[in-house]
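Peer 1: Please find one structure pasted underneath; my questions will follow.
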């Protein structure tokens with residue numbers, strides 16, 4: 001039995017209309033896998049090139065644990081989705097149900113052309129993702145005054161975990177860990 005999902009219509013600059021639908025369990029799981037993969041990849045790039053396999057394993061264990069406990073429903077997880085690839089995937093999964101022929105490449109074109117904002121507001125509203133939605137009428141229940149009043153997420157992300165492990169193992173923060181942490185701050 002197929003459950004009815006909430007939808008909304010988005011018209012792009014070409015005049016074509018697309019139907020955005022609420023994300024289902026499979027789409028949410030796919031987005032969560034993407035988020036977790038980003039965290040693990042950030043951790044991997046933070047490991048010094050000369051690390052032994054034992055040190056690498058010890059450094060990656062907390063990163064993997066952090067990634068597996070990160071969800072699209074928490075601040076840090078959702079923040080990992082707000083990047084070029086994540087926005088493309090969010091639009092893609094929101095369109096796929098009603099437009100089975102949609103491709104990631106087409107969704108990339110929406111982002112490159114600046115049309116992603118036409119999609120993000122209805123996607124956020126339909127899925128109750130306050131961090132995406134510009135609708136002030138549907139505040140996040142955790143932060144009833146809207147997204148501008150939500151607390152800043154803690155800094156215990158994957159790069160912080162790797163830096164801590166690097167400090168334990170070598171006594172210094174590796175230069176690559178610092179670079180990755182700074183570049184990931186921009187998303």
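Peer 1: Based on what the data block shows, is residue 27 surrounded by fewer than 11 Cβ atoms within 10 Å (Cβ to Cβ) and in a helix (DSSP H, G or I)?
Peer 2: Against the criterion (surrounded by fewer than 11 Cβ atoms within 10 Å (Cβ to Cβ) and in a helix (DSSP H, G or I)), residue 27 does not qualify.
Peer 1: Name, by its number, the condition in (1) within 19 Å of residue 116 (Cβ to Cβ); (2) not in a helix (DSSP H, G or I) that does not hold for residue 38.
Peer 2: (2)
Peer 1: Looking only at the stretch 103-130, which residues are farther than 14 Å from residue 23 by Cβ and not in a helix (DSSP H, G or I)?
Peer 2: Across the stretch 103-130, the qualifying residues are 103, 113, 114, 115, 130.
Here's the yes/no breakdown for (1) surrounded by fewer than 21 Cβ atoms within 10 Å (Cβ to Cβ); (2) over 27 Å from residue 12 (Cα atoms); (3) at pLDDT below 90:
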| position | (1), (2), (3) |
| --- | --- |
| 53 | yes, yes, no |
| 71 | yes, yes, yes |
| 81 | no, no, yes |
| 87 | no, no, no |
| 91 | no, no, no |
| 131 | yes, no, yes |
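Peer 1: Search the stretch 30-56 for residues that are without any contact (Cβ under 8 Å) to a residue 60 or more places away in the chain and pair each with any residue that is outside any helix (DSSP H, G or I) when their beta-carbon atoms are under 7 Å apart and the residues are at least 6 apart or on different chains.
Peer 2: Partner pairs satisfying both residue conditions: 32/71; 32/72; 35/70; 35/72; 36/70; 56/47.
Peer 1: Please determine whether any residue of the stretch 71-81 is over 21 Å from residue 122 (Cβ atoms), outside any helix (DSSP H, G or I) and touching a helix residue (DSSP H, G or I) at 6+ places or on another chain (Cβ under 9 Å).
Peer 2: Within the stretch 71-81, one or more residues are over 21 Å from residue 122 (Cβ atoms), outside any helix (DSSP H, G or I) and touching a helix residue (DSSP H, G or I) at 6+ places or on another chain (Cβ under 9 Å).
The values are calculated or read from the model by the stated rules, or taken from the named source; none is laboratory data. In this text the structure is predicted, and so the values were computed from the model without any measurement. Here the Cβ is made from the backbone with ideal geometry for all residues, glycine too, and neighbour counts use every protein chain on show.
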